[in-house]
Amino acid sequence: MGRLPFIIAACILITAFDIYCFNALMAVFKNWKPRTKKIFGILYWTFSVLLIVGIFAGIYLNLFLTLRAIILVAFFLTVACKMAMLPFLVIDDLRRLFIRLFKKKEVVKDQPISEAEPISRSEFLVKAGLVAAAVPLTSLSWGIISGAYDYQVRKVNLILPNLPKAFDGITMAQISDIHSGSFYNKTAVKGGVEMLMAQKPDFVFFTGDLVNNLTNEVRDYQDIFSKVKAPLGVYSSLGNHDYGDYYFGKESSPAKVKNLKDMVDVHKIMGYDLLMNENRRLKVDGEEIGILGIENWGMGRFPKYGKMELAVKDTDDLPVKLLLSHDPSHWRGEVLEKYPQIDAMFSGHTHGMQFGVRLKEYQWSPVQYIYKEWAGLYQEQKQQLYVNVGYGFLGYPGRVGVLPEITVFTLKRG
């Protein structure tokens, strides 16, 4: 309830802003036929109301992440478009106010004041505002053309106080959220894998969501991702999309069981060591660290198949433990509270909502209003979390500002 007054106030402000913009548009297109004006008005206000309802639903109801993403991106893009228009509308209204204040008494010679030409909104300024408002929509379109496969290599120094000397300087790469069912450019996908392999990592983590719904979606890309290799191995975990829940439903069925078996087999065929509530010992020059992986563990409606008590079994003697867990909410929901022995956790899931800003010292995305940890490196006490914003995409077939990520970590003692 604490944020409800703020949300209501924001909705009132947005509605007032909508009225202002609507009147401006009606003034520009005053020559439209009455029927056209009526249809436009219905569409304009229906869209505006649906967005506000969608925001409330996204905050207070347990909607699918994809639907919440669509609502939030649509909301922020709409506001961005209207904000781009605002300076032009304000300038025009100030111009009109100036005319009214200082030229009110001026009329055409020998013409009564009542017959003087009325002061109308400048079509030039308002249309210029419409052009400015098109910029955010253009960026969204460009995100489909360019952003979807614009892979970015991010390099991170991962400081681990108890790291054995033999592991100091070793590199580990992470990719996440491949979502092979969304791809439409096989050459670009292959190029991203080649970028990853060019980094020559010593070992690799893949943190889930190989597909959107069904295992067979990866069929056309299996050969590409089979090329992800590393001297110390490729380790993987499952994401919420890998179980077939969104296609078969949450209840078990023979088809759903087979789909999951096929998923496990695909990881094996590609050479990935799939960790399902289990662990591995990674040995270098006689020293060891632990690699733990659990099945999906999510908050809210997302499935909790993960069993940490199994993943940590027989790892007490290991000085460093690295955890693969698809959903970053698992870190705050269970790991921080119950498993202080986990040094670092690696996740994906958020996609950074495929929309936002990621700079070296600043990042923002609508997804941060859903997930506290949504991109990059986080730390509390001695425990760390890294959230990879994903290799692929889901829903919106592109990315704006938050580009597909290949993360390369250098493990360091400190």
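The values are calculated or read from the model by the stated rules, or taken from the named source; none is laboratory data. Note that the structure is a prediction, hence the values are computed from the model and not measured. No Cβ is skipped: glycine too gets one built from the backbone with ideal geometry, and neighbour counts run over all protein chains shown. The protein model used for the area step is the full one, side chains on, heavy atoms only, and it has no ligands, DNA or RNA in it. Shrake-Rupley method; radii C 1.70, N 1.55, O 1.52, S 1.80 Å.
Quick notes
- Residue among Leu50, Leu25 that alone is surrounded by 15 or more Cβ atoms within 10 Å (Cβ to Cβ), out of contact with any His (no Cβ under 9 Å at 6 or more places or on another chain) and part of a helix (DSSP H, G or I): Leu25
- Arg413 vs. criteria basic (Lys, Arg), in contact (Cβ under 8 Å) with a residue 24 or more places away in the chain, buried (at least 17 other Cβ atoms within 10 Å of the Cβ) and more than 22 Å from Pro303 (Cβ to Cβ): no
- Set side by side, the residues Lys200, Lys227 differ, and just one is out of contact with any strand residue (DSSP E or B) (no Cβ under 9 Å at 6 or more places or on another chain), open to solvent by 20 Å² or more (accessible area, probe 1.4 Å) and part of a loop (DSSP other than H, G, I, E, B), which is Lys227.
- For the range 357-373, the set of residues classified as in contact with a Ser or Thr (Cβ under 7 Å, 6 or more places away or on another chain) and open to solvent by less than 10 Å² (accessible area, probe 1.4 Å) consists of Val367 only.
- Listed by first and then second residue, the pairs linking a residue in the range 298-309 that is more than 10 Å from Asp327 (Cα to Cα) and in a loop (DSSP other than H, G, I, E, B) to a residue that is modelled with pLDDT under 90 and open to solvent by 60 Å² or more (accessible area, probe 1.4 Å), with Cβ atoms under 7 Å apart and 6 or more places separating them unless they lie on different chains, are Gly300/Asn62; Arg301/Asn62.
- The residue of the range 209-223 that is farthest from Ser329 (Cα to Cα), among those that are under 24 Å from the mean Cα position of the chain (by Cα) and part of a helix (DSSP H, G or I), is Tyr221.
- Some residue of the range 250-261 being closer than 17 Å to Leu210 by Cβ and open to solvent by 70 Å² or more (accessible area, probe 1.4 Å): yes
- Scan of the range 58-79 for residues that are modelled with pLDDT of 75 or more and farther than 23 Å from Ile19 by Cα, ordered by number: Leu61
- Condition check for Val389: crowded, with 24+ Cβ neighbours inside 10 Å and either touching a residue at least 60 places away in the same chain (Cβ under 8 Å) or outside any helix (DSSP H, G or I) (or both): yes
- Among residues of the range 252-268 that are closer than 16 Å to Glu217 by Cβ, those with a beta-carbon under 7 Å from a residue that is polar (S, T, N, Q) at least six positions away or on a different chain give the pairs Asn259/Thr215; Asp262/Thr215; Met263/Thr215; Val266/Thr215; Val266/Gln222; His267/Ser236.
- The range 318-346, residues that are within 16 Å of Ser237 (Cα to Cα) and crowded, with 24+ Cβ neighbours inside 10 Å: Leu322, Leu323, Leu324, Ser325, His326, Asp327, Pro328, His330, Trp331, Met345, Phe346
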